[in-house]
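Quick notes on the structure that follows.
Taken together, the values in this text are just the output of simple stated rules run on the coordinates, not laboratory data. Not measured: the values here are computed from a predicted model. For neighbour counting, all protein chains shown are included, and Cβ atoms are generated from backbone atoms with ideal geometry for every residue, glycine included.
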Amino acid sequence: EAQVTQNPRYLITVTGKKLTVTCSQNMNHEYMSWYRQDPGLGLRQIYYSMNVEVTDKGDVPEGYKVSRKEKRNFPLILESPSPNQTSLYFCASRHRSGLLDTQYFGPGTRLTVL
Amino acid sequence: TQLLEQSPQFLSIQEGENLTVYCNSSSVFSSLQWYRQEPGEGPVLLVTVVTGGEVKKLKRLTFQFGDARKDSSLHITAAQPGDTGLYLCAGGLGGGATNKLIFGTGTLLAVQP
């Protein structure tokens, strides 16, 4: 089954305590992204990766890091979380071929930073 | 700056009614996607339209891409409680491998039995 998995699904942490949210896809897609979803602001892209070892900033990259050492994994790292990073985070994997463009989202990680 | 405006933001209707959700922009998109998101889950892709004026049907859902590729609509016929969810449109900007998706703020639909 085509799948994007994220862990953890829920996380409550304190300001400044480093954390990593993992993301894995089993579809061999080259393109992966991280989004955050906030009320009234919709989904905003944090970082994306077009292939292994290739990452680039999205619209709201401040305070986040990513890595892409393997095609299937794309972890999101918050080195020093702050309360304004409290949000719902989604990892996504995307396949594009000609006119076909399909993006699969993970189930989300709800992060609260106290 | 929000490039994609969705309307209405909230919609509560009775089962069996018809509805239309709109997605508007001043930008021209190479493609337009519609997603549905249910509580506690990630968005799920419903359709992608790529040609101006294109109409696609998915059972009771009809999607249309504007002639100028700046807007789109989603029409649901005879809505059912299972249609309840957050509907998101996303426009593709740029071409080739760097095509970026910009998401609208969403329309929250509640269909009452």
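Each Lys or Arg adds one and each Asp or Glu subtracts one; over the other residues with Cβ under 12 Å from the Cβ of B:S30, this totals +3.
Residue by residue, segment A:19-26 carries 3J(HN,Hα) couplings of 9, 10, 10, 8, 9, 9, 10, 10 Hz when phi is fed to the Karplus relation 6.51 cos²θ - 1.76 cosθ + 1.60 (θ = phi - 60°); x denotes Gly or Pro. Residues A:R68, A:R110, arranged from fewest to most other Cβ atoms within 10 angstrom of their Cβ, appear as A:R110, A:R68.
Relative contact order of segment A:42-114: what whole-number percent is it, with Cα pairs under 8 angstrom and at least 6 residues apart?
Working: 112 pairs, mean separation 15.6, N = 73.
Over segment A:42-114, the number comes to 21 percent.
Shape of the protein assembly as shown from the C-alpha gyration tensor: prolate (a/c of 1.5 or more and a/b above b/c, with a ≥ b ≥ c the square roots of its eigenvalues). From the alpha carbon centroid of segment A:35-114 to that of segment B:1-54 is 21 Å. Label sites at A:S97 and A:Q3, each approximated as a point 7 angstrom past Cα along Cα to Cβ, lie 2.2 nm apart. 3J(HN,Hα) along segment B:102-113, derived from phi through the Karplus expression 6.51 cos²θ - 1.76 cosθ + 1.60 where θ = phi - 60°, amounts to 10, 9, x, 7, x, 10, 8, 10, 10, 10, 8, x Hz, with x in place of Gly and Pro.
Tell me, what is the percent relative contact order of chain B, built from C-alpha pairs under 8 Å that lie six or more residues apart?
Values: 293 pairs, mean separation 40.7, N = 113.
Once divided by the residue count of chain B, the mean separation gives 36 percent.
Under 21 Å of direct C-alpha separation, and excluding same-chain neighbours fewer than eight residues apart, A:K65 reaches these lysines: A:K17, A:K18, A:K57, B:K100. A:D38 sits among other residues whose Cβ lies under 14 Å from its own Cβ, and their net charge, with Lys and Arg +1 and Asp and Glu -1, is +2. Convex hull of alpha carbon positions in chain B: directionally averaged projected area 7.0 nm².
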